[in-house]
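The next block holds one structure in the form of C-alpha cells; read it before the comments.
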Amino acid sequence: MMRRSCFVGAYEAVANRTRSTNFSVAAYYNLRLSSTTTTTTRVTKIRPAFRGSIPATTVRNLSDGGGGGGVGDGGEREYEYDYLVIGAGSGGLASARRASTYGAKVAVVEMGRLGGTCVNVGCVPKKVMWNAASIAETLHDMKHYGFTGYDSDAISFDWSFIKQNRDKYILRLNSIYERNIANSNITSLRGQASFQSNHTVSITPPGGGGGAPTTVTAKHVLIATGGYPTFPPGEGIREHAISSDGFFELEELPRKAVVVGAGYIAVELAGVLQALGTDTSLVVRKGKAMREFDDMVSDTLDEEMQRQGIQIVRDTNGVEKIELDEGEEGTKTVTLNNGEVIKGVDTVLMATGRSPLVESLNLPSAGVTQTEGSGHIVTDELSQTSVDGIYALGDVCGNVELTPMAIAAGRRLADRLFGGPAFEGVKVSYDNVPTVVFSHPPIGTIGLTEKQAVERYGEENVKVYQSKFANLYYGPWQVEADCKPKTGMKLICAGSNELVVGLHAIGMGVDEMLQGFGIAMKMGATKADFDACVAIHPTASEEFVTMFPWGLSNQVTGAKVNPLNGAANAEPIL
Ligand SMILES: Cc1cc2nc3c(=O)[nH]c(=O)nc-3n(C[C@H](O)[C@H](O)[C@H](O)COP(=O)(O)OP(=O)(O)OC[C@H]3O[C@@H](n4cnc5c(N)ncnc54)[C@H](O)[C@@H]3O)c2cc1C
C-alpha cells in the first residue's frame, strides 16, 4: 500500500474541493483568451481535402472503365455507387475520402454525428479533459518551483466553462467533417443503414418520426459502424450509472464518483476526475487495473493512482447493485459483489466493456459472419468479410480498437479496391501498434509484454532491460525520494540479435515519445540499434537508448526489414 504521507500535499487539497472551485490568477484569464485564438487558427489550417496529396497518376476515373467501379460491361451503371460506407467515424470517413480520390462514386451513411466515437465521445473530448487535468496537476506542483498562490481562493476551476468550450470545439470538428465530405464529392446520407442483401442497403431517416426508408445499391459496401458502451447486469445499474458517453454530458464536476472498470477508459476517466477535484474510487473486479499490460506498467500505474489519491477497491467481482439514497441530493449507494458498500456517490461511471454496433444492420440478410458471443464481424487481413463485396474494419471487428488503426485500415482498403494494380493485395499490420493510455502519468506501450515474449520465444531467448526513476522535473522537490512520482521503462529483447519485441513506459511525457520508437520497432531495431542512437539530454526518453548495460549487446542491426504494407514483424535469430 502507498503510504498516505506520499500524497504530496497538493492532492489532499484537491480532495476537499467543491464543484466550482478556486485556482488562480490574472494569468489564467490571459491564457483563456489566447488559447481561444490559437485554437481557431489551428482549426482553419486543417487540410481542406486529401485529394491534393495523391500523385496525379494514381487518380483514375472509374466510370471510364477502371477496375472496381459500379459500371456494368454495357456502360450502364449496375449499382448507384461504387462504394457505400456505413458509419462516418474514423475508419469509414478515411476510407470514403481515400476512395473518392481515385474517382470512385462514394456515399457515406451516418445515423449520428459525423466523426464517430473518437470525435464526439472518445479520443478528442477525453484528451481535452486530460489536458485540463494536467493543468490542475501543474498547479499542484507550482509551489515546488517557488510559485505561491495555489492555496489562495483566487485559483478556481469551472467545469461548465471547459465543457461548453469543448462542446463548441467538437461542433466545429463536426462541421469540418461535413465540409470535407462535400469537398471530396462524397454523397452524405443521413439515417440508419440496414442490409437488404449484399449490394442493397436501406436507410431509415434519423429521428424516428420522419420519412420512409430509402434504398441504395453499391458494388462495394464497407461496415465501419464502431461500438457502444455496455452495462453489466445488476440491480439499478442501468438506471443510476452512466457510461463514458454520459461522462461527456456531465454538467458539473461530481463531488464523489465511483468508476467501475479496469481498462484504459476507466483508468483515464478516473484520473481526470481525481485530478480536477472529485473524490474518486476505482472499482476493479480483480487485483489491479490494466492487467493485460506488462506488470511493470500496471504495478507502477497502481502506485501512481494511489499517490494521486484515487482509492482502488480491489477483488470486488463487480457491482451487485446501485440504489438511490433518500433525500434531495440524488446521491447513490453502490454495493459490490464482495459485500463492500460505497455511500454518498454523485456519479457512478461504468467503463466495463464495449460491444460492436451491429444490431440494426440486419447482417443475417447479407450473410455476414460474426464471432459467437461478442458479435464482432469476422474478416480476413484484407478487411474482407465472409460475403463478397462486403468489408468491415475498425471497432466493429474488435481488432486493435484505436482510431489510427481504423483510419489506416480504411485507407488501405480503399487503395486496394480502387487504387489499381500498384495497390493490389495491400493491407495493414496489426502488430507492434503503439498505444498510449492517458492516465496520470501516461502509459505508452508497443509489442509484447515480458510474459508474452517468454511464452513465444522461451525464457532462455528473452532479455529484459528496465529502469525506474524520478523524472528530473521532480528533482528540486523537497520531499522524500519515495514520494516523488516514478517513471518506469522496460525493453524486452529476443534472440541473439536482441531484437526489441516489447517497449513499455509509464511516466511524464511518454505519450509524446512513443511514436518514434514505434517506427524503430517496425523497422526491426535491436538493442544495439537503440544504443547506437546518441541520447538527448536531459530527457526521460534518453533512458531507452542508454539502458544498462549500454553498448555491450551483439552488434547486430535490425535495419533490414520492410515495414510496409502489412509485412510481417522482424524475427529474432534463435
Ligand atoms: C472514451 C473513449 C476514449 C477513447 N480514446 C482513444 C484514444 O485516445 N486514442 C485512440 O486511438 N482511440 C481511442 N478510442 C477508441 C476510438 O474512438 C475508436 O477506436 C474509433 O473511433 C473506432 O473507429 P470506427 O471507425 O471503427 O468507429 P466509430 O468512430 O465509432 O464510427 C462508427 C460510426 O458508425 C455510425 N453507425 C453505427 N451503426 C450505424 C448504422 N446502422 N447506420 C448508420 N451509421 C451507423 C455511428 O453513429 C458512428 O458514427 C476511445 C474510445 C472511447 C470510447
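The values are calculated or read from the model by the stated rules, or taken from the named source; none is laboratory data. Note that this is a predicted model, so its numbers are computed, not measured. Note: ideal-geometry Cβ built from the backbone for every residue, glycine included; neighbour counts use all protein chains shown.
Points to keep in mind about this one:
- Pairs linking a residue in segment 461-483 that is more than 15 Å from ILE506 (Cβ to Cβ) to a residue that is assigned to a helix (DSSP H, G or I), with Cβ atoms under 6 Å and 6 or more positions apart or on different chains, are VAL462/ALA453; VAL462/VAL454; VAL464/GLU450; TRP477/HIS144; CYS483/CYS6.
- Selection status of LYS219, of a type in the set (Lys, Arg), within 25 Å of GLY375 (Cα to Cα) and more than 16 Å from the ligand (Cβ to nearest atom): yes
- Applying a threshold of 9 Å to beta carbon distances and a minimum spacing of six or more residues, or different chains, the list of pairs starting in segment 331-360 at a residue that is in contact (Cβ under 8 Å) with a residue 60 or more places away in the chain and within 16 Å of the ligand (Cβ to nearest atom) and ending at one that is in a loop (DSSP other than H, G, I, E, B) and acidic (Asp, Glu) reads ARG354/GLU401.
- Residue check, GLU512 more than 15 Å from LYS468 (Cβ to Cβ) and out of contact with any Leu (no Cβ under 8 Å at 6 or more places or on another chain): yes
- Applying a threshold of 8 Å to beta carbon distances and a minimum spacing of six or more residues, or different chains, the list of pairs starting in segment 311-326 at a residue that is free of Cβ contacts under 8 Å to residues at least 24 places away in the same chain and ending at one that is among the basic types (Lys, Arg) and crowded, with 18+ Cβ neighbours inside 10 Å reads ASP325/LYS332.
- Any hit, segment 311-326, residues being under 14 Å from SER439 (Cα atoms), modelled with pLDDT of 95 or more and assigned to a loop (DSSP other than H, G, I, E, B): no
- Every residue from segment 341-374 that is assigned to a loop (DSSP other than H, G, I, E, B), within 23 Å of HIS199 (Cβ to Cβ) and small (Gly, Ala, Ser): GLY367
- Scanning segment 222-261 for residues that are in the same structural domain as ASP325 (by TED's automatic domain parsing), within 14 Å of the ligand (Cβ to nearest atom), of a type in the set (A, V, I, L, M) and more than 22 Å from ASP167 (Cα to Cα) gives a single hit, VAL259.
- When we screen GLY344, GLY373, GLY330 for residues that are surrounded by fewer than 16 Cβ atoms within 10 Å (Cβ to Cβ), at pLDDT 95 or above and out of contact with any helix residue (DSSP H, G or I) (no Cβ under 7 Å at 6 or more places or on another chain), the only hit is GLY344.
- The numbered conditions (1) in the same structural domain as ALA224 (by TED's automatic domain parsing); (2) over 26 Å from the mean Cα position of the chain (by Cα); (3) within 13 Å of the ligand (Cβ to nearest atom) are all true for LEU363 except (1).
- Being over 22 Å from ASP295 (Cα atoms), of a type in the set (Gly, Ala, Ser) and at pLDDT 95 or above is a description that does not apply to GLY458.
- Segment 384-405 - residue that is among the hydroxyl-bearing types (Ser, Thr, Tyr) and in contact (Cβ under 8 Å) with a residue 60 or more places away in the chain and, of those, nearest to the ligand (Cβ to nearest atom): THR403
- Residues of segment 406-427 satisfying the condition of being surrounded by fewer than 21 Cβ atoms within 10 Å (Cβ to Cβ) and in contact (Cβ under 8 Å) with a residue 12 or more places away in the chain: ARG416, GLY420, ALA422, GLY425, VAL426, LYS427
- Restricting ASP167, ASP82, ASP151 to residues that are in contact with a strand residue (DSSP E or B) (Cβ under 8 Å, 6 or more places away or on another chain) and among the charged types (D, E, K, R) narrows the list to ASP82.
- If you go through segment 112-153 and pick out every residue that is near the ligand (Cβ under 7 Å from one of its atoms) and part of a helix (DSSP H, G or I), you end up with 7.
- Residues in segment 187-206 include none that are among the hydroxyl-bearing types (Ser, Thr, Tyr) and either in the same structural domain as SER244 (by TED's automatic domain parsing) or closer than 21 Å to GLU249 by Cα (or both).
- Boolean, THR445 is among the β-branched types (Val, Ile, Thr), within 16 Å of the ligand (Cβ to nearest atom), under 25 Å from CYS123 (Cα atoms) and buried (at least 21 other Cβ atoms within 10 Å of the Cβ): yes
- Of all positions in segment 297-308, none carries a residue that is crowded, with 20+ Cβ neighbours inside 10 Å and outside any helix (DSSP H, G or I).
- Flag if LYS256 is modelled with pLDDT of 95 or more, surrounded by fewer than 21 Cβ atoms within 10 Å (Cβ to Cβ) and in contact with an Asp or Glu (Cβ under 6 Å, 6 or more places away or on another chain): yes
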